[in-house]
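One structure is given here, and the rest of the page talks about it.
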Amino acid sequence: DFQSQVEEMAQTIPLVIISNKEKTTTVDAINQDNTVVGRLMARHLLDLGHRDVAFITPPLTKRQWQRTKRVNGFVKEYEKEGLDHVIIKAADESIDSQIPRMDSEYSMGYELTMELLQEGRQFTAIAGQNDMMAIGALDALHEAKVHVPRDVSVIGCDNIFYSGIRRISLTTIDHFVALKGQDACDIIIRKIDAKEQF
């Protein structure tokens, strides 16, 4: 399989994996713990006093299990406070079998938020699995004349460029993709230097 091929290559080539999959491997890797990311999102909302919250996400499939880790981290942080009623709204699994469009995640965020509103679910904050979903949620809330952040707060994850645009100004979690690349380069350079010393 792919993993064994990478491990074989690492025997002869200085190699580092950058991943958010948290899989165990014998190859040096820079991993992201999505459970911690979910906890950080929840902690921010809890600190703002939000008790009734919804989490919108792409499909929670086995193949995309890192999504579930983020949701689980979020839910666990709420459970730690004795709050066990986080609304989890996931898109249908069939979406993952379609060819993604530029607006796929935005559309999911918009549709799932509209569903929450139509169902009359009670929440004062929405967490999006990523920023594009959260931006979709912002537009759905705006269309439904729900004021953000006065009526409902929204948080995303990834700190993409669009999140910082003043009209959007989305609260988001930054997991420093550029620094992961920098750390990977540092490790590779150290590996090369170590080989040259022998």
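Using the structure shown, decide if S104 is open to solvent by 30 Å² or more (accessible area, probe 1.4 Å) and among the hydroxyl-bearing types (S, T, Y). Answer is no for this residue. Filtered by the rule that a residue be of a type in the set (A, V, I, L, M, F, W, C) and free of Cβ contacts under 8 Å to residues at least 40 places away in the same chain, the range 66-79 gives a lone residue, V75. Only residues that are open to solvent by 10 Å² or more (accessible area, probe 1.4 Å) and either assigned to a loop (DSSP other than H, G, I, E, B) or touching a strand residue (DSSP E or B) at 6+ places or on another chain (Cβ under 7 Å) (or both) were counted across the range 113-128, and they come to 7. If you check E115, E111 for being farther than 27 Å from G49 by Cβ, at pLDDT 95 or above, among the charged types (D, E, K, R) and under 22 Å from the mean Cα position of the chain (by Cα), only one passes: E111.
Could you list, in sequence order, all residues of the range 47-95 that are of a type in the set (S, T, Y) and surrounded by fewer than 17 Cβ atoms within 10 Å (Cβ to Cβ)? Listed by number, the residues that qualify are T61, S94.
Condition first: modelled with pLDDT of 95 or more and of a type in the set (D, E, K, R). Can you find one or more residues in the range 21-40 that meet it? Within the range 21-40, one or more residues are modelled with pLDDT of 95 or more and of a type in the set (D, E, K, R). Across the range 44-71, the number of residues qualifying as within 16 Å of Q98 (Cβ to Cβ) and out of contact with any Pro (no Cβ under 8 Å at 6 or more places or on another chain) comes to 4.
Per-residue answers, yes or no, for (1) in a strand (DSSP E or B); (2) open to solvent by 60 Å² or more (accessible area, probe 1.4 Å); (3) closer than 21 Å to D33 by Cα; (4) at pLDDT below 95:
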| position | (1), (2), (3), (4) |
| --- | --- |
| I155 | yes, no, yes, no |
| Y162 | no, yes, no, yes |
| A178 | no, yes, yes, yes |
| D183 | no, yes, yes, yes |
| I189 | no, yes, no, yes |
| K195 | no, yes, no, yes |
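Here A140 clears all of (1) open to solvent by 10 Å² or more (accessible area, probe 1.4 Å); (2) free of Cβ contacts under 8 Å to residues at least 40 places away in the same chain except the condition numbered (1). With the structure loaded, tell me whether A134 is at pLDDT 95 or above, within 17 Å of the chain's Cα centre (by Cα), in a helix (DSSP H, G or I) and buried (at least 16 other Cβ atoms within 10 Å of the Cβ) or whether it fails that test. For A134, the condition - at pLDDT 95 or above, within 17 Å of the chain's Cα centre (by Cα), in a helix (DSSP H, G or I) and buried (at least 16 other Cβ atoms within 10 Å of the Cβ) - is met.
The values are calculated or read from the model by the stated rules, or taken from the named source; none is laboratory data. Remember, predicted model here, so these are calculated numbers, not experimental data. Note: ideal-geometry Cβ built from the backbone for every residue, glycine included; neighbour counts use all protein chains shown. These area figures cover heavy atoms from the full protein model, side chains too; ligands, DNA and RNA do not enter into them. Shrake-Rupley method; radii C 1.70, N 1.55, O 1.52, S 1.80 Å.
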